[in-house]
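As structure tokens, the structure follows; a few thoughts come after it.
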Amino acid sequence: MATIAILGALDAHGPQHEFLADCIRQNGHLAIFIDVGIGGSPQLPPHISRESVSELQDLDWRLFRKDQDGARKMMLEAAPRKLRQLCDQKKIHGVICLGLGEADAIGSAALKSLPIGFPKVLLTRSPHPQTAAQLPFEDTLHFPCVLKIDRLNRLSRPVLAGAAGAICGMVETRPPAGGDDPPLIFASVFGNTAAGVQLASGMLEREGYQVLPFHATGSGGRTMETLIAEGLAAGVLDFTLKEWADEVVGGVLGAGPTRLESAARHGVPAVVVPGCLDIVNFHAPHTLPPRFAGRLMHCHSPKVTLLRTNSEEASAIGRRVAQKLNASTGPITLLLPLQGVSSLGAPGFAFHQPKADAALFKALRSSLRKDIPVIEMDTTVSDPTFAAACTEALLSNISLKSQSAQTLRE
């Protein structure tokens, strides 16, 4: 018997929540209610109250009803923390959220806090959760419901029963053992760094690792950061920091302000390359803000326009990247390809601007912690010798981490 949490705003849709619980019980599992409502009194007695979720036992929710924005913000922070705590303590084995009203955004935020593979279902009126743009990684099963299910009837019952069946099936199913899978190395990649990443990946895989690439498109970087924090990476080949160019300059592929934090915070061995920091992505040319008029651009396709960073932007990006790397608690090495940080920025190509690259490198060097090794090579980011140097540095950092762990055990 598994314990399945029903997370929802219990101040509304009480019969629907109870129906979900009945379906779960009929499948032989225990159902518990977690209340994340920010409105009136709960229509059902919760097993875990909103006060317990918020960790504010003397909270007067009548005051919060006068400040809905404050209540929403508080619950968006508290619900993920509580749900992850229950998961880590193995008190729940799956979660289903009836994502109606406030519970759509709060439930989305809470479910994404759970580890990859943990059974989770969001029943929602929208094909995408309200917080989709902010989610670093989501393997939640989104169970769309285009019907109004404000009442139980011959149409709403099968929908709710199907969602309950989905979460029950998920908790009952476990993947077969994967055998002796090789340790994983996470690598960031973009089209203009793909050649270098592919070369380094081949070298690393010959050393017994499996390289898992993440495309630096915003969601890719957020996903990689989340999985690093879950402890799934033996090392990180952060070859493509392009999302930081978009984050600083205002492009459409930023990964948010926490990019580069997970490996640093958790001490994961890493090699970092400023790949594609010369490129900022936008949509069609007419979508670019007026402030970029007259700048060097490249139309990759009718719907993809690339902007070349200038020296001022490159300096700002370099400082931000160095700030993130300075928080590293594990072995880390920065490698600089002095002849170009992307294939488009290599000599003879449209974005080759040595002055802007020099500004980037100067900002990185001057802002970086002095004990972090910096390797400079007179190559492009796609050169085989550069890929080999990245591979050697990462293997060395993994070895250093292993030796340090062994020393602590002794």
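The values are calculated or read from the model by the stated rules, or taken from the named source; none is laboratory data. All figures in this text were calculated on a predicted structure; none of them were measured in a lab. Note that each Cβ is placed from the backbone with ideal geometry, even for glycine, and that neighbours are counted across all protein chains shown.
For the subset of the stretch 103-132 comprising residues that are in a loop (DSSP other than H, G, I, E, B) and at pLDDT 85 or above, which member is farthest from the chain's Cα centre (by Cα)? Across the stretch 103-132, the extreme among qualifying residues is 119. Scoring residue 214 on the criteria (1) within 30 Å of residue 244 (Cβ to Cβ); (2) part of a loop (DSSP other than H, G, I, E, B) leaves a single failure, condition (2). For residue 346, the test of being closer than 23 Å to residue 375 by Cβ and free of Cβ contacts under 8 Å to residues at least 60 places away in the same chain is passed. Is it fair to say residue 268 is under 18 Å from the mean Cα position of the chain (by Cα), surrounded by fewer than 24 Cβ atoms within 10 Å (Cβ to Cβ), in the same structural domain as residue 400 (by TED's automatic domain parsing) and more than 12 Å from residue 221 (Cβ to Cβ)? Taking the combined requirement at face value, the residue does not satisfy it.
Whether a residue is touching a His at 6+ places or on another chain (Cβ under 7 Å) and under 22 Å from residue 219 (Cβ atoms) was assessed, and residue 277 does not pass this test. Of the listed requirements (1) more than 24 Å from residue 184 (Cα to Cα); (2) surrounded by fewer than 17 Cβ atoms within 10 Å (Cβ to Cβ), residue 282 misses just one: (2).
Residue pairs whose Cβ atoms lie under 9 Å apart, separated by 6 or more positions or on different chains, with the first residue in the stretch 222-249 and of a type in the set (Gly, Ala, Ser) and the second part of a strand (DSSP E or B) and surrounded by fewer than 23 Cβ atoms within 10 Å (Cβ to Cβ), are 233/184; 233/212; 234/184; 235/184. Taking the listed residues 84, 50, 154, 65, the one that is farther than 19 Å from residue 31 by Cα, modelled with pLDDT of 85 or more and of a type outside the set (Ser, Thr, Tyr) is 154, with no other qualifying. Total residues in the stretch 86-102 satisfying the condition of being part of a loop (DSSP other than H, G, I, E, B) and either among the hydrophobic types (A, V, I, L, M, F, W, C) or under 14 Å from residue 145 (Cα atoms) (or both): the figure is 3. Counting only strands (runs of 3 or more DSSP E) that sit completely within the stretch 218-311, those holding 1 or more residues that are modelled with pLDDT of 95 or more and small (Gly, Ala, Ser) correspond to 235-240, 270-275.
For the stretch 330-379, the set of residues classified as over 18 Å from residue 239 (Cα atoms) and assigned to a loop (DSSP other than H, G, I, E, B) consists of 347, 348, 349, 350, 351, 352, 353, 369, 370, 371, listed by residue number. Among the residues of the stretch 180-202, is there at least one that is touching a residue at least 24 places away in the same chain (Cβ under 8 Å), charged (D, E, K, R) and part of a loop (DSSP other than H, G, I, E, B)? Checked the stretch 180-202: at least one residue is touching a residue at least 24 places away in the same chain (Cβ under 8 Å), charged (D, E, K, R) and part of a loop (DSSP other than H, G, I, E, B). Among residues of the stretch 319-329 being surrounded by fewer than 19 Cβ atoms within 10 Å (Cβ to Cβ) and assigned to a loop (DSSP other than H, G, I, E, B), the one that is nearest to the chain's Cα centre (by Cα) is 327. Filtered by the rule that a residue be surrounded by 18 or more Cβ atoms within 10 Å (Cβ to Cβ) and farther than 17 Å from residue 168 by Cβ, the stretch 17-42 gives 34, 35, 36, 37, 38, 42.
Test residue 208 against the criterion of being more than 30 Å from residue 113 (Cβ to Cβ), outside any helix (DSSP H, G or I) and either under 14 Å from the mean Cα position of the chain (by Cα) or modelled with pLDDT of 95 or more (or both), and give yes or no.
So residue 208 passes the test.
Somewhere in the stretch 46-56, is a residue outside any strand (DSSP E or B) and among the basic types (Lys, Arg)? Yes: one or more hits. Checking each residue in the stretch 66-87 for being exposed (fewer than 12 other Cβ atoms within 10 Å of the Cβ) and touching a strand residue (DSSP E or B) at 6+ places or on another chain (Cβ under 8 Å) picks out no residue at all.
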